[in-house]
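Asks: This is the structure, below, for whatever I ask next.
No value in this document is a laboratory result; all are computed from the given coordinates. Since this is a predicted model, take the numbers as computed values, not measurements. Because the Cβ atoms are built from the backbone with ideal geometry, glycine has one as well, and the counts that use them run over all protein chains shown.
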Amino acid sequence: MQTQLKAIVFDIGNVLACRLDVCERLVEYSDLSVENIRQRVFGGNLYSMHNIGHIASEDFFVKIAYAMRAKKSLSYEKFKKIWGSVLVQNEDMDFLLLPRIKKNVKLFVISNADKIRWEKAKSLSVMQRYFPDPDQAALSFHHNIAKPDERLYQVILQRAGIGPSEILYVDDNKKHIEAFESLGGLCAEYNCQKDEIDSLADIMDGFNILS
């Protein structure tokens, strides 16, 4: 007997929105190479601590600016714009797939997102159109935990009021997918940078949740 899905949970980065390389944008404000900046930004625990809200965005900027030896021209306002601008709407998701999902299927988001990027994500039309209610999102910076910690998935399970076996979770990260599968959930791996939207649509169509 086919599983009757009652909800779909999406990641944001590289699923609902394609994520560009922030270091390629920050390099303008440093004499270091893109790879050197990437190592300094993502090599330690600074990025993850910001993601779970343990470092305020202003303090994160100060530490990042110091680490990348930023030029004085990089202000906090410029940094916020650059840091958020890497999220670019996935038009295929917005206009080709989400409109086809049956109205009785609940939609949610689980994301390892910091406050700056969440503000950017909220401004995207795909979020405003399909995820307007704050209770539709479980965010790492808000709950102080990040995927693949199962507690972040539990936030959405409690809000949805259904079991993981009734949910399809869409993410581009294998570890995050495996964590939800370990709870008994159904998953689809999708990355808007390399996968066609039709491949995800085919999976959803197999569960009879598209019109």
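Asks: Pull up region 129-188, narrow it to residues that are touching a Gly at 6+ places or on another chain (Cβ under 7 Å) and of a type in the set (S, T, N, Q), then point me to the one that is farthest from Ile52 (Cα to Cα).
Replies: Ser165
Asks: Next question, about the same structure. Please find, within region 108-166, the residue that is farthest from the chain's Cα centre (by Cα) out of those that are among the polar types (S, T, N, Q) and surrounded by fewer than 21 Cβ atoms within 10 Å (Cβ to Cβ). Walk me through it before giving the result.
Replies: We begin by selecting, within region 108-166, every residue among the polar types (S, T, N, Q); these are 111-112, 123, 125, 128, 136, 140, 144, 154, 158, 165.
Narrowing further to those that are surrounded by fewer than 21 Cβ atoms within 10 Å (Cβ to Cβ): 123, 125, 128, 136, 144, 154, 158, 165.
Values: Ser123: 14, Ser125: 15, Gln128: 15, Gln136: 13, Asn144: 15, Gln154: 17, Gln158: 20, Ser165: 22 Å.
Across region 108-166, the extreme among qualifying residues is Ser165.
Asks: Quick one: what pairs do we get from region 54-68, first residue touching a residue at least 12 places away in the same chain (Cβ under 8 Å) and closer than 14 Å to Gly44 by Cα, second surrounded by 15 or more Cβ atoms within 10 Å (Cβ to Cβ) and of a type in the set (S, T, N, Q), C-beta under 6 Å, 6+ apart or different chains?
Replies: Pairs that qualify, where the first residue is touching a residue at least 12 places away in the same chain (Cβ under 8 Å) and closer than 14 Å to Gly44 by Cα and the partner is surrounded by 15 or more Cβ atoms within 10 Å (Cβ to Cβ) and of a type in the set (S, T, N, Q), are Met68/Ser30.
Asks: Among (1) under 25 Å from Glu166 (Cα atoms); (2) in contact (Cβ under 8 Å) with a residue 24 or more places away in the chain, there is one condition Pro99 misses while meeting the rest; what is its number?
Replies: Checking Pro99 against (1) under 25 Å from Glu166 (Cα atoms); (2) in contact (Cβ under 8 Å) with a residue 24 or more places away in the chain, the one that fails is (2).
Residue-by-condition table, conditions (1) over 24 Å from Asn144 (Cβ atoms); (2) in contact with a Ser or Thr (Cβ under 9 Å, 6 or more places away or on another chain):
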site: Gly44; (1), (2): no, no
site: Ala56; (1), (2): no, no
site: Tyr66; (1), (2): yes, no
site: Ile101; (1), (2): yes, yes
site: Ser111; (1), (2): no, yes
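Asks: Then there's this: May I ask you to list the residues in region 120-173 that are hydroxyl-bearing (Ser, Thr, Tyr) and touching a Ser or Thr at 6+ places or on another chain (Cβ under 8 Å)?
Replies: Matches in region 120-173: Ser140, Ser165.
Asks: Taking region 168-199 as the region of interest, how many residues are out of contact with any Cys (no Cβ under 9 Å at 6 or more places or on another chain) and part of a strand (DSSP E or B)?
Replies: So the answer is 4.
Asks: When you go through (1) in contact with a helix residue (DSSP H, G or I) (Cβ under 8 Å, 6 or more places away or on another chain); (2) touching a residue at least 40 places away in the same chain (Cβ under 8 Å) one by one for Asn14, which number turns out not to apply?
Replies: Among (1) in contact with a helix residue (DSSP H, G or I) (Cβ under 8 Å, 6 or more places away or on another chain); (2) touching a residue at least 40 places away in the same chain (Cβ under 8 Å), Asn14 violates only (1).
Asks: On to the next question. What is the residue count in region 132-177 for residues that are in contact with an Asp or Glu (Cβ under 6 Å, 6 or more places away or on another chain) and of a type in the set (S, T, N, Q)?
Replies: Within region 132-177, residues that are in contact with an Asp or Glu (Cβ under 6 Å, 6 or more places away or on another chain) and of a type in the set (S, T, N, Q) number 0.
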